[in-house]
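Peer 1: A single structure is presented below for examination.
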Amino acid sequence: MSSESLVVYVNGEYVPREQARISIFDVGFLRGDAVFDTTSAWNGRIFKLFAHLERLELSLRAARIQCPLPPKALADVIVETTRRCGLRNAYIQTIVTRGEPPFGVRDLTQCRPGLFVFAIPYAYILGPDRIRTGGRAMIASIRALPVQCLDPKIKSLSRQHFDLAVLQGKSAGADVSLMLDLDGHVTEGPGFNVFVVKNGVMFSPPEGILVGITRQTVFELAAEHGLPAREASLTAYDLYAADEVFLTSTAGGIMPLVEIDGRAIGDGKPGPIFQRVHDQYWALRESGRDGTPVFLDTA
Ligand code: PLP
């Protein structure tokens with residue numbers, strides 16, 4: 001697919017990707033003062049669109065940004081952007097910036113928020129090859145933001161700490177980076193939540209994380225299929241001692257890790273619980289359940 005056929009929603013207009021622009025005076029650009037949410041389409045259906053919109057609404061409220069559109073109209077824009085891009089399998093991002101204040105004014109309450117939606121072909125944090133063989137992770141030395149500073153529950157665009165962790169992992173030859181909080185508890189990683197499997201039970205950190213929709217879906221699938229799963233505080237030790245570790249994200253679904261900081265996880269291969277949850281997740285996506293149709297033929 002060429003990028004020329006893609007369309008972006010920019011403050012009330014659908015424009016070709018190459019013409020999508022933002023003012024450099026938008027505080028979202030100047031200071032990363034913006035929130036966003038990422039959803040995805042599979043087989044022409046957007047998964048749990050209203051759960052994503054609810055999370056966006058909560059991020060906006062916490063960040064004191066007013067969305068230019070009410071949720072129903074925003075849902076229509078997200079569907080329409082994806083439809084105009086002609087993408088059946090898509091990664092879709094909705095961004096609400098604090099906006100630009102009137103010229104010469106520094107008062108943040110006078111900013112007019114900006115709204116942007118784009119869709120690109122479906123993207124993976126760990127691609128299909130790594131999902132088959134398992135990814136390698138390192139624990140970054142950069143720590144997750146404390147809830148006292150910028151609560152990670154807010155899906156904020158301020159992500160330089162994540163990018164630095166990604167670059168650190170890349171320099172060390174890892175596929176992904178995991179992040180601890182200031183007290184050494186496992187949080188999440190740039191763009192994904194974490195599950196540890198020990199003695200048949202799945203554990204995921206309770207705090208200091210974005211409350212992932214895929215993570216929530218894993219808990220729902222676990223309840224449906226009788227797999228034990230719960231929240232628990234975890235340390236690096238729990239990662240190293242795990243039988244299995246897997247990641248969850250809208251960008252890639254359920255993704256296994258087989259090595260962390262040079263230590264093999266379990267027997268060094270994607271494990272059976274990962275495989276079950278992965279298959280259940282993709283069966284759910286294939287079924288279209290919880291999916292908002294993008295095209296007339298998926299309605
Ligand atoms: N944690 C962070 C920091 C994220 O950015 C994301 C997704 O973008 C996730 C976790 C996973 O959330 P979800 O499953 O809703 O995609």
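The values are calculated or read from the model by the stated rules, or taken from the named source; none is laboratory data. Just so we're clear, the structure is a prediction, and the values are computed from it rather than from any experiment. Ideal geometry is used to build each Cβ from the backbone, glycine not excepted, and the neighbour counts take in all protein chains shown.
Peer 1: For the structure I just gave you, tell me whether Arg136 is assigned to a strand (DSSP E or B), out of contact with any helix residue (DSSP H, G or I) (no Cβ under 8 Å at 6 or more places or on another chain) and at pLDDT 95 or above. Walk me through it before giving the result.
Peer 2: Details: assigned to a strand (DSSP E or B): yes; out of contact with any helix residue (DSSP H, G or I) (no Cβ under 8 Å at 6 or more places or on another chain): yes; at pLDDT 95 or above: yes.
Considered against the rule, which asks whether it is assigned to a strand (DSSP E or B), out of contact with any helix residue (DSSP H, G or I) (no Cβ under 8 Å at 6 or more places or on another chain) and at pLDDT 95 or above, Arg136 comes out as yes.
Peer 1: Are there any strands (runs of 3 or more DSSP E) wholly within the range 158-233 with 1 or more residues that are in contact (Cβ under 8 Å) with a residue 60 or more places away in the chain, and if so which?
Peer 2: Working: elements: 176-178, 193-198, 201-204, 229-231.
So the answer is 176-178, 193-198, 201-204.
Peer 1: Also, quick follow-up: Suppose the filter is away from the ligand (no atom under 15 Å from the Cβ), at pLDDT 95 or above, surrounded by 21 or more Cβ atoms within 10 Å (Cβ to Cβ) and under 19 Å from the mean Cα position of the chain (by Cα); does Gly208 pass it?
Peer 2: On the way: away from the ligand (no atom under 15 Å from the Cβ): no; at pLDDT 95 or above: yes; surrounded by 21 or more Cβ atoms within 10 Å (Cβ to Cβ): yes; under 19 Å from the mean Cα position of the chain (by Cα): yes.
Taking the combined requirement at face value, the residue does not satisfy it.
Peer 1: Going residue by residue through the range 61-76, is there one that turns out to be of a type outside the set (Phe, Trp, Tyr), modelled with pLDDT of 95 or more, under 17 Å from the mean Cα position of the chain (by Cα) and not in a strand (DSSP E or B)?
Peer 2: no
Peer 1: While we're on this one: In this structure, is Asp238 more than 16 Å from the ligand (Cβ to nearest atom) and not in a helix (DSSP H, G or I)? Full working, then the answer.
Peer 2: On the way: more than 16 Å from the ligand (Cβ to nearest atom): yes; not in a helix (DSSP H, G or I): no.
Taking the combined requirement at face value, the residue does not satisfy it.
Peer 1: Looking at (1) closer than 20 Å to Tyr122 by Cα; (2) exposed (fewer than 13 other Cβ atoms within 10 Å of the Cβ); (3) without any contact (Cβ under 8 Å) to a residue 60 or more places away in the chain, which one does Trp282 not meet, given that it meets all the others?
Peer 2: If we test Trp282 against (1) closer than 20 Å to Tyr122 by Cα; (2) exposed (fewer than 13 other Cβ atoms within 10 Å of the Cβ); (3) without any contact (Cβ under 8 Å) to a residue 60 or more places away in the chain, just (2) comes out false.
Peer 1: Scan the range 243-299 for residues that are over 18 Å from the mean Cα position of the chain (by Cα), of a type in the set (Ser, Thr, Tyr), assigned to a helix (DSSP H, G or I) and modelled with pLDDT of 95 or more and jot them down.
Peer 2: Within the range 243-299, just Ser287 meets the criteria.
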